[in-house]
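Working notes, beginning with the structure itself.
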Amino acid sequence: METIKPNNNSLGKKIHPATERGHVNFGWLDSHHSFSFGHWYNPEKTNFGALRVLNDDIVEPSMGFGTHPHQNMEIVSIPLFGELAHKDSTGTNGIIRTGDVQIMSAGSGIQHSEFNHSSEKKVNFLQIWILPKVGGIEPRYAQKTFSEAGRVNRFQTVVSPIDEEAVWINQDAYFSLATLDPGKELSYSVHAPGQGIFTFLISGKLRVEDSLLERRDAVGYWGKEDYKFQAEVKSELLVIEVPMK
């Protein structure tokens, strides 16, 4: 893992190779952790600004996480394939599928469970935790379906505190998805000074600034306003913008 801290003339960078992620396999759950979580701890990988957890979870058919509590955390789930059933103490009882984005503001306290809705196929989803801007809020739940066509060769904002087309989050954080054709270039501008971006490559091969990422690699950058992306092959990516303090 490479870390370059910012100075007056450069940006900060931290690379997170896929091969250096934490890994646990409990039979029913096969999970890779970008940041310290559960049974896996790395003092150099505890968070990226307000981004606390990014787990790449695969759950076996009909298996899942039983009812458990959360408090003062913004929890985002993004299915990559399969169907995930969700139930929580706000009264929500539903299913999220590929194309959906779900967020749960745990706030003052919430109980929830998540299970693979299928009895035959696995489900793979990204479980992402963001530290909240305001603690102790009333727990809330939201989910939306986003068109895959809306992210082809452009960024599609799916989580935002200000964009009514996205799911709302209790933090100055923004999640954007994109699917880039080979050779396609994009730029991303942060919403405010002091924000950083964490790019997680779902699939493909992609250059972010001076970093070349392959499937499931990630890189965090901070210290400037605009960042450049270029796909070397067809690539799917998630960009998470968060406050760095």
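Kindly sort Met73, Met104, Met63 by accessible area of their heavy atoms, largest first, with the probe set to 1.4 Å.
So, going from the largest accessible area down, we get Met63, Met73, Met104.
Roughly how far apart, in whole Å, are the Cα centres of the range 15-35 and the range 57-118?
About 19 Å separates the Cα centre of the range 15-35 from the one of the range 57-118.
How many nm is it between the label spots at Arg154 and Ala18, if each spot is 7 Å from the Cα in line with the beta carbon?
2.9 nm
Quick check for you: with a 1.4 Å probe and neighbouring chains kept, what is the accessible area per residue of the chain, in Å²?
Dividing the accessible area of the chain by its residue count gives 45 Å².
With the cut-off at 1.5 for a/c, could you classify the range 150-198 from its C-alpha gyration tensor as rounded, prolate or oblate?
Because a/c hits 1.5 or more and a/b fails to exceed b/c, the range 150-198 counts as oblate.
Let me have the relative contact order for the range 12-243, percent, based on Cα pairs under 8 Å that are six or more residues apart.
Reported as a whole number, the value is 19 percent.
As a test question: what accessible area, to the nearest 10 Å², does Arg215 have when a 1.4 Å probe is rolled over all protein chains in place?
Solvent-accessible area, nearest 10 Å²: 140 Å².
From a point 7 Å beyond the Cα of Glu138 in the direction of its Cβ, which residues of the range 71-90 have a backbone N at a distance under 14 Å?
Hits in the range 71-90 for Glu138 at 14 Å: 90.
Using 0.36 nm times the number of residues separating Ser62 and Lys224, minus their current alpha carbon distance, what extension gain do you get?
53.8 nm
If exposed means no more than 12 neighbouring beta carbons inside 10 Å and the site is in a DSSP loop, what's the longest run of the chain without any exposed GluC sites (Glu not before Pro)?
Answer - 45-119.
Tally Lys/Arg at +1 and Asp/Glu at -1 over every other residue whose Cβ is under 15 Å from the Cβ of Phe35; what's the total?
Combined, the nearby Lys, Arg, Asp and Glu give -1.
Can you list the residues of the range 137-173 with backbone N under 14 Å from a point 7 Å past the Cα of Gln71, pointing along Cα to Cβ?
137-139
Given a 10 angstrom Cα cut-off, can you work out which residue in Thr199, Thr90, Thr179 is the most mobile in a GNM of the chain?
Per the Cα network of the chain with a 10 Å cutoff, Thr90 tops the list.
Give the carbon-plus-sulfur fraction of the accessible surface of the range 12-243 in %, rounded to a whole number; probe 1.4 Å, heavy atoms of protein chains only.
Roughly 48 percent, rounded to a whole number.
Contour minus end-to-end for Asn25 and Arg207, with contour as 0.36 nm per residue of separation and end-to-end as the Cα-Cα distance?
62.5 nm
What shape does the range 12-243 have by the C-alpha gyration tensor, where a ≥ b ≥ c are the square roots of the eigenvalues, rounded means a/c under 1.5, and otherwise prolate means a/b greater than b/c and oblate the rest?
rounded
The values are calculated or read from the model by the stated rules, or taken from the named source; none is laboratory data. Note that the structure is predicted; figures quoted are calculated from it, not measured. We place every Cβ from the backbone using ideal geometry, glycine too, and count neighbours over all the protein chains shown. Areas reflect the complete protein model, heavy atoms only, side chains present, ligands, DNA and RNA absent. Shrake-Rupley method; radii C 1.70, N 1.55, O 1.52, S 1.80 Å.
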